[in-house]
Amino acid sequence: MTPPGPATPAPRIRKAILKAFDAATWTATVQIMGSLSTYLESVPVAEDLDETLLVAGSTVAVVFLDDSNPTDAAVAFVYGAVPPLVSRASAHPSARSANWPDATWTKVSLQVEKYDSLGEFDSATNYRFTAGAAGYYQAHGQIYFENVNAGDDLFMVLRKNGATAAGARMLASSAYEYTLNTSDVFYLAAGDYLELWAYWDYAAEADHYVYDNNTGTYTFLTVHRLS
C-alpha cells in the first residue's frame, strides 16, 4: 500500500495595503500588514475587481497559494472604506507648437492628459486645471523652447485665475534649446484655475517652437493637492 503524500497546504490570506495598481498589466504592489519592509510587486489582481476600488491606500486581501513561494500570490478583494481619490492632474502638448508668436503672451495648449484623477483638467478648450475643492495645491510647470537665438528673451509663468502667480525668465546667451520651469504651492478655492503661459521676444526672426514629443517629458503642467 502506497503511503499518502504530504497534504497540500491550504491557501493563506493576509491583509495588505495597496501601494500601487497598474491597469495595463492588472497587477499591484502591496505592503503586507505588520511589516514596514515587506513589499510584493507585480502581484496579479483578481480579474473581476472593479478598477475604481483599486486606489492606493486601500486595504486588500492577498491570497498566498504556497507559503514557500511568496511570489505565488494574488489580490483577491478590497474591503473596508476605500480612501477618497486625491486631486492630481498632469497634461502636456500633443506635439511641437506652431511657430510661436513674437513678443506676445500666449497660453500653452495642453491637449493630452497624462492623468486626471478627478476630471479637473480641461485639455479640450481652456487647457487649465480647475480646483474642485478648496485646499493647498503643488503646481509645477515646464516649457521647452526650441530653436532659440542668442539675445532671445524667454518667459514662462503659471497664472492663477488669469494673473501671474509664479514664473521664470532667461535671456539666451547663445543659440540653443532652453528649458524653463517653476514650481509653487497655491491656495485654491473651488473654481480657481491654473494655466501655463509663455512669452518669447525674438532677437532675430526665425521659426520658434514650444516643444514636446507627446510624452510630457519636455513641456507640461502638473498639479497635486497637498491638503
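The values are calculated or read from the model by the stated rules, or taken from the named source; none is laboratory data. Just so it is clear, the structure is predicted and the values come from calculations on it, not from any experiment. Please note: Cβ atoms are built from the backbone with ideal geometry, for glycine as well, and neighbour counts cover all protein chains shown.
Counting only residues that are in a loop (DSSP other than H, G, I, E, B) and either modelled with pLDDT of 90 or more or in contact with a strand residue (DSSP E or B) (Cβ under 9 Å, 6 or more places away or on another chain) (or both), how many does region 1-22 have?
1
Residues in region 26-46 that are among the hydroxyl-bearing types (Ser, Thr, Tyr) and either out of contact with any strand residue (DSSP E or B) (no Cβ under 9 Å at 6 or more places or on another chain) or outside any strand (DSSP E or B) (or both): how many?
Just the residues of region 26-46 that are among the hydroxyl-bearing types (Ser, Thr, Tyr), to begin with: 27, 29, 35, 37-39, 42.
Pick out the ones that are also either out of contact with any strand residue (DSSP E or B) (no Cβ under 9 Å at 6 or more places or on another chain) or outside any strand (DSSP E or B) (or both) and you get 35, 37-38.
Residues that pass the stated criteria total 3.
Restricting Tyr127, Tyr144 to residues that are in contact with a Lys or Arg (Cβ under 8 Å, 6 or more places away or on another chain) and under 28 Å from Tyr199 (Cβ atoms) narrows the list to Tyr127.
Answer with yes or no whether Ala98 is closer than 30 Å to Ala165 by Cβ and outside the structural domain of Gly216 (by TED's automatic domain parsing). Here the answer is no, as Ala98 does not meet what is asked.
I'd like to check something: does region 186-193 contain any residue that is of a type in the set (D, E, K, R), surrounded by fewer than 21 Cβ atoms within 10 Å (Cβ to Cβ) and modelled with pLDDT of 90 or more? Checking region 186-193: at least one residue is of a type in the set (D, E, K, R), surrounded by fewer than 21 Cβ atoms within 10 Å (Cβ to Cβ) and modelled with pLDDT of 90 or more. Residues that are touching a His at 6+ places or on another chain (Cβ under 7 Å), of a type in the set (Val, Ile, Thr), assigned by TED's automatic domain parsing to the domain that holds Asn99 and at pLDDT 95 or above do occur in region 201-221.
Considering each of Ala165, Ala206, Ala175 in turn, give the residue that is of a type in the set (Gly, Ala, Ser), within 23 Å of Arg88 (Cβ to Cβ) and touching a residue at least 12 places away in the same chain (Cβ under 8 Å). Break it down into steps so the answer makes sense when it comes.
Details: Ala206 fails: within 23 Å of Arg88 (Cβ to Cβ); Ala175 fails: within 23 Å of Arg88 (Cβ to Cβ).
Answer to the check: Ala165.
Being more than 19 Å from Leu196 (Cβ to Cβ), acidic (Asp, Glu) and free of Cβ contacts under 8 Å to residues at least 60 places away in the same chain is true for just one of Asp116, Asp66, Asp122. Which residue is that?
Details: Asp116 fails: more than 19 Å from Leu196 (Cβ to Cβ); Asp122 fails: more than 19 Å from Leu196 (Cβ to Cβ).
Of Asp116, Asp66, Asp122, the one residue that is more than 19 Å from Leu196 (Cβ to Cβ), acidic (Asp, Glu) and free of Cβ contacts under 8 Å to residues at least 60 places away in the same chain is Asp66.
Inside region 96-143, can you point out the residues that are acidic (Asp, Glu) and modelled with pLDDT of 95 or more? Break it down into steps so the answer makes sense when it comes.
Step one: of region 96-143, the residues acidic (Asp, Glu) are 102, 113, 116, 120, 122.
Across region 96-143, the qualifying residues are Glu113, Glu120, Asp122.
To keep it simple, each residue is scored yes or no on (1) surrounded by fewer than 16 Cβ atoms within 10 Å (Cβ to Cβ); (2) outside any loop (DSSP other than H, G, I, E, B); (3) in contact with a helix residue (DSSP H, G or I) (Cβ under 9 Å, 6 or more places away or on another chain).
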| position | (1), (2), (3) |
| --- | --- |
| Ala24 | yes, no, no |
| Asp48 | yes, no, no |
| Thr71 | yes, no, no |
| Val78 | no, yes, yes |
| Val86 | yes, no, no |
| Ser90 | no, yes, no |
| Ser109 | no, no, no |
| Thr125 | yes, no, no |
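For region 137-159, the condition holds for at least one residue, the condition being that it is β-branched (Val, Ile, Thr) and free of Cβ contacts under 8 Å to residues at least 60 places away in the same chain. Note on region 150-177: residues that are closer than 17 Å to Ala103 by Cα and not in a strand (DSSP E or B) total 4. Taking region 39-95 as the range and being closer than 27 Å to Asp122 by Cβ, small (Gly, Ala, Ser) and at pLDDT 90 or above as the test, the residues that pass are Ser87, Ala89, Ser90, Ala91, Ser94, Ala95.
Limited to region 184-203, what total is found for residues that are free of Cβ contacts under 8 Å to residues at least 60 places away in the same chain and closer than 15 Å to Phe145 by Cβ?
First pass over region 184-203, keeping only residues free of Cβ contacts under 8 Å to residues at least 60 places away in the same chain: 184-190, 203.
After this cut, where a residue has to be closer than 15 Å to Phe145 by Cβ as well, the list is 203.
Residues flagged as free of Cβ contacts under 8 Å to residues at least 60 places away in the same chain and closer than 15 Å to Phe145 by Cβ within region 184-203 amount to 1.
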